[in-house]
Each structure stands twice: as C-alpha cells, then as structure tokens.
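Structure, as structure tokens:
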Amino acid sequence: MTRRLVLATDNPGKLRELAAMLGDRWEVLPQGHFGVRSAPETGTTFRANAELKARHAAAATGLPSIADDSGLEVDALDGAPGVDSANYAGPAAGDAANNARLLAALAAVPPPRRSARYRCVLVFVRSFDDPHPLVAEGSWEGSIADAPRGSGGFGYDPLFIDAATGRTGAELGPAEKNAASHRGQALRRLQQLLDDPGPGA
C-alpha cells in the first residue's frame, strides 16, 4: 500500500520536483493540503531549517514529513546568498528580484571568478519527535551567467550554469535537471537511507 507523506514546503517548484521523484513510492501531499502554514526559518544552516520545517509539518499533520532547505552559494560573494537565497532581495522578493540583485552584486566580477553551487539538505522525520531524522545532502557545481537564459526551472536557475553541460538550470528539461541537481542528488541519497536507515533508526 502506498504510504502518505507530507512535503513541508509551499514552493511550487520544489513541490513539483520532489513529487516527481517520490511519487512512485509515496502518496505525496503538500503541507498546504492540510492547511499547514510554513514554519519560520530561524536556523542559520540549511540542515537546521530543514529539520525545523520537517518537524513542524509532522506535528501538524501526524504524518511522516520531508523538508528541503536549499540555496545558492557564490564564491565571489563569500557564500551569499546562502540560507537567505529565497529572500536575497527582501522578505517579499520573488525570483526576478533575487536574480536582479545577484546580477548587480556580480556586475564587476569576471566569468572566471563567478563559480557557484547549489546546496540542498533534505530531512525526513517519521514523527514530530523522531529522535533519529534521516538527513541527506547534495551539491551542484556551476557558475553564474551574466544574463538570464532559458524558461524552465525556478529560483536562480536562469542564471546558474551547470558545469557539466554549459547550460543553465532553466535550459535543462525537468528530467535532466533532476538527474544533475543538488535536490536530485539529495533525494537519491535519502531514498537509500529510507531503504537502509541503519542502526537506531
């Protein structure tokens, strides 16, 4: 029987990608399906925020939960925007504003110094008080373009150039992106952990 799982996010892009990768083994439901509002992201690391969100959704629904916390790290900006990626241009900023601020911050930085990576941490909890959450991470290496390219993806994808293909995340098809991305890497690792969680889990 397919088990139910709540995804602790309201981000439609993350919901789409995670549901596509999890749908063959879980009945995947977004937290909004249950009327659950997003938890405040008060952590200072991707892992802390992911665990906070996962426990919040599990407590509100009584279901196992997966939460993603992810972001873009740009070397020339000392790792910014990092955990503030979603709000880089302000608390109510959208993708276009965040991308515009990133381009402005890198305006004087030449291509060889525009290296960057997407990072993702996924946390799975069986219940809100799960003493042994499963944690999986992924990292996608690339660089930042000098102008947006492509119409797919979300977030910083139009500016993020995949190191392997030279195309931006927004130029990759959904299956190509999931195969390469930080989120895809983390989810494949999490699926391994779910199959063999190890002692104490």
*asked:* Taking the criterion of being surrounded by fewer than 22 Cβ atoms within 10 Å (Cβ to Cβ), hydrophobic (A, V, I, L, M, F, W, C) and farther than 20 Å from LEU18 by Cα, would at least one residue in segment 162-185 satisfy it?
replied: yes
*Looking at (1) touching a residue at least 60 places away in the same chain (Cβ under 8 Å); (2) crowded, with 17+ Cβ neighbours inside 10 Å, can you tell me which one PRO148 breaks?*
(1)
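Could you pull out the residue among ARG55, ARG16 that is out of contact with any Phe, Trp or Tyr (no Cβ under 7 Å at 6 or more places or on another chain), over 17 Å from GLY138 (Cα atoms) and among the charged types (D, E, K, R)?
Working: ARG55 fails: out of contact with any Phe, Trp or Tyr (no Cβ under 7 Å at 6 or more places or on another chain).
Residue meeting the stated conditions: ARG16.
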*Within segment 25-52, considering residues that are at pLDDT below 95 and small (Gly, Ala, Ser), the one nearest to GLY142 (Cα to Cα)*: GLY43
*Number of the exception - HIS132 against (1) crowded, with 16+ Cβ neighbours inside 10 Å; (2) touching a residue at least 40 places away in the same chain (Cβ under 8 Å); (3) over 19 Å from the mean Cα position of the chain (by Cα)*: (1)
_Restricting to segment 151-173, and then to whatever is small (Gly, Ala, Ser) and assigned to a loop (DSSP other than H, G, I, E, B), can you tell me which residue is modelled with the lowest pLDDT?_
GLY153
*Only one residue in ALA8, ALA96, ALA59, ALA105 is more than 21 Å from GLY184 (Cα to Cα) and touching a residue at least 40 places away in the same chain (Cβ under 8 Å), so which one is that?*
ALA59
*Kindly indicate whether any position in segment 110-132 is of a type in the set (Gly, Ala, Ser), farther than 14 Å from ALA8 by Cα and assigned to a loop (DSSP other than H, G, I, E, B).*
no
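The values are calculated or read from the model by the stated rules, or taken from the named source; none is laboratory data. This one's a predicted model, so the numbers in the text were calculated from it and none came from an experiment. When we count neighbours, we look across all protein chains shown, and the Cβ atoms used for this are built from the backbone with ideal geometry, even at glycine.
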